[in-house]
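Novice: Take a look at this one; I'll ask things after.
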Amino acid sequence: MLADFLVVGLLIGWLRGGRLENLSRVRLSCMWIILLGMGAKFVFLLFPFPHASLFHLLSMVVVFGGTLFNLKLSGMAFLTLGSLTNVLVMAVNQGRMPVSITVARWLNLTNLIQNLEKGLYPDYIAVSSSTRLLFLADVLPYFSFLFRKFFVVSIGDYLLGLGVLWFLVHYLGRKEKKICGTELPRQLSR
């Protein structure tokens, strides 16, 4: 899903006359924390181990923490809120993201339904009567134009996508000397 928002953000930024080099002027604080969390998020997928869902949840908490250091940047509030809502719903559901079987059936996602029912996903679980914070779970349809198929996503995922889109559109086209409240050094005239 985020790939779609990334492509659209880059395209809109480019159509507005933006340049990729403008992104290099954006000062991201503690970017290593976000990258560490994102990297750790996928380790458990490659190397399944006991309590992988809790490890996944911790990695998402790390990503959320990294976004807090950058709240003043355009789009980052959406990224932070999206991370927070996903962390909250997973934290109260055994470290896993609940997915609506009803929405998956409506979208005809047979493989997803079968895998959820068999418990094959270490980071996802089917919505049940014991699911908490259901409104924050993966209960919304999403069609990916890149992958040309439907997905079941959360409101947090939409917020993350909007954050990425807003960030890219805003900073790709920035031409001023001032970005994120910091000025680039001026040359001294003699």
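Just so it is clear, none of the values below were taken in a lab; they were calculated from the coordinates. Source: prediction; values computed, not measured. Using ideal geometry, Cβ is built from the backbone for each residue, glycine included, and neighbour counts are taken over all protein chains shown.
Novice: Could you work out how far apart the two model spin labels at Val7 and Leu54 are, taking each label as a point 7 Å from the Cα in the direction of the beta carbon, and quote it in nm?
Specialist: 3.9
Novice: Taking the Cα centre of region 15-169 as the origin, how large is its charge dipole in debye, to the nearest 20, when only Lys and Arg (+1) and Asp and Glu (-1) carry charge on their Cβ atoms?
Specialist: Using Cβ point charges on Lys, Arg, Asp and Glu, region 15-169 gives about 340 debye.
Novice: Under a Cβ-Cβ cut-off of 10 Å, what is the net charge of the residues other than Phe55 that fall near it, where Lys and Arg count +1 and Asp and Glu count -1?
Specialist: Value of the local net charge: 0.
Novice: Moving to a separate point now. State the answer as a single residue: which of Val103, Gly18, Phe64 lies farthest towards the positive end of the charge dipole of the chain, with beta carbon charges of +1 for Lys and Arg and -1 for Asp and Glu, about the Cα centre.
Specialist: Toward the positive end, the furthest listed residue is Gly18.
Novice: Now for a separate question. Once amide H atoms are placed 1.01 Å from N in the peptide plane, what residues at a sequence separation of 5 or more from Val127, or on another chain, have their amide H within under 5 Å of its amide H?
Specialist: Under 5 Å from the amide H of Val127: Val99, Ser100, Ile101.
Novice: Determine the gain in length on full extension of the stretch Arg16-Val43; use 0.36 nm per residue of separation and subtract their C-alpha separation, reporting nm with one decimal.
Specialist: 6.0 nm is the gain from fully extending Arg16 to Val43.
Novice: Work out Dmax and Rg for region 2-175 from the C-alpha atoms and quote the Rg first, both in angstrom.
Specialist: When restricted to the Cα atoms of region 2-175, Rg and Dmax are 17.0, 52 Å.
Novice: Order of 73-86, 28-41 by packing, highest average Cβ count within 10 Å first?
Specialist: Top to bottom by mean Cβ count within 10 Å: 73-86, 28-41.
Novice: Hey, another quick one. What net charge is computed for the residues neighbouring Asn108, neighbours being all others with C-beta under 15 Å from the C-beta of Asn108, Lys and Arg scored +1, Asp and Glu -1?
Specialist: +3
Novice: For Val153, enumerate residues with amide H under 5 Å from its amide H, sequence gap 5+ or separate chain, H modeled in the peptide plane.
Specialist: When sequence neighbours closer than 5 places are left aside, the close amide H contacts are Val139, Leu140, Tyr142.
Novice: Multiply the residue gap between Arg148 and Thr110 by 0.36 nm, knock off their C-alpha separation, and tell me the result in nm, one decimal place.
Specialist: Once the chain is fully extended between Arg148 and Thr110, it gains 12.1 nm.
Novice: Check which residues have an amide H placed less than 5 Å from Tyr121's amide H, if you skip close sequence neighbours.
Specialist: none
Novice: Among Tyr124, Gly173, Phe55, whose Cα lies farthest out toward the positive end of the dipole of the chain, if unit charges sit on the beta carbon of Lys, Arg (+1) and Asp, Glu (-1)?
Specialist: Most positive-ward Cα: Gly173.
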